[in-house]
Amino acid sequence: VQTCALPIYDDDAVRKSTGVLLDSLGADVVAVTDGKSGIAAFRDQGPFDLVITDLGMAGMDGVAVVRAIRELNPQQKIAVVSGWSEREVRSRFADGELPDIVLHKPGMGEQLQDLIRGSVVS
């Protein structure tokens, strides 16, 4: 089963490395540079098995991205990437808006591999 992923990062290096990792795991990747582009790609190029968004982005941050995607598809699997603690990340979201997964920097690559090889494609 082919996994389709939408990584949303304003950091070029992180976006590119995440795209390369996802591609190496066999995922179809549509990578975008900001939250607004992510929402547009979600609407226009979906469906996606997984949306991955950085929490701290200029303009539309990860909280706003998750909120907008949940409005479009409440069942969408969403991972948020952050260097903050899980508690800090979760405190930024209202009930019902929480992401499904919190991936932590550094070490996110291994978490992402486990995610793609496991729960997303099963």
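The values are calculated or read from the model by the stated rules, or taken from the named source; none is laboratory data. Since this is a predicted model, take the numbers as computed values, not measurements. Here the Cβ positions follow ideal geometry from the backbone for every residue, glycine too, while neighbour counts run over all protein chains shown. Remember, those area values only see protein heavy atoms, side chains included, never the ligands or the DNA or RNA. Shrake-Rupley method; radii C 1.70, N 1.55, O 1.52, S 1.80 Å.
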Cβ pairs under 6 Å, 6+ apart, first in the stretch 89-111 and free of Cβ contacts under 8 Å to residues at least 12 places away in the same chain, second part of a strand (DSSP E or B) and open to solvent by less than 40 Å² (accessible area, probe 1.4 Å): Q111/L103
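Kindly provide the set of residues from the stretch 42-56 that are assigned to a helix (DSSP H, G or I) and either closer than 15 Å to L112 by Cβ or touching a Phe, Trp or Tyr at 6+ places or on another chain (Cβ under 7 Å) (or both), ordered by number.
The initial filter retains those residues of the stretch 42-56 that are assigned to a helix (DSSP H, G or I), namely 42-45.
Passing the criteria: only F42.
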Top-ranked residue of the stretch 1-57 - restricted to ones that are under 19 Å from N73 (Cβ atoms) and of a type in the set (D, E), ranked as least open to solvent (accessible area, probe 1.4 Å): D49
Total residues in the stretch 58-88, condition more than 18 Å from D10 (Cα to Cα), part of a helix (DSSP H, G or I) and open to solvent by less than 60 Å² (accessible area, probe 1.4 Å): 1
Residues satisfying the stated conditions in the stretch 25-41, i.e. assigned to a helix (DSSP H, G or I) and over 11 Å from the mean Cα position of the chain (by Cα): K36, S37, I39, A40, A41
The stretch 27-38 residues that are free of Cβ contacts under 8 Å to residues at least 60 places away in the same chain, paired with ones that are open to solvent by 20 Å² or more (accessible area, probe 1.4 Å) and in a helix (DSSP H, G or I) (beta carbon under 7 Å, 6 or more apart): V29/D23; V30/Q45; A31/R15; T33/R15; G35/A64
Residue ID - farthest from G118 (Cα to Cα), chosen from residues in the stretch 61-90 that are polar (S, T, N, Q) and modelled with pLDDT under 90: S85
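Answer yes or no as to whether V102 is β-branched (V, I, T), open to solvent by less than 30 Å² (accessible area, probe 1.4 Å), assigned to a helix (DSSP H, G or I) and over 18 Å from C4 (Cα atoms).
Values: β-branched (V, I, T): yes; open to solvent by less than 30 Å² (accessible area, probe 1.4 Å): yes; assigned to a helix (DSSP H, G or I): no; over 18 Å from C4 (Cα atoms): yes.
It is false that V102 is β-branched (V, I, T), open to solvent by less than 30 Å² (accessible area, probe 1.4 Å), assigned to a helix (DSSP H, G or I) and over 18 Å from C4 (Cα atoms).
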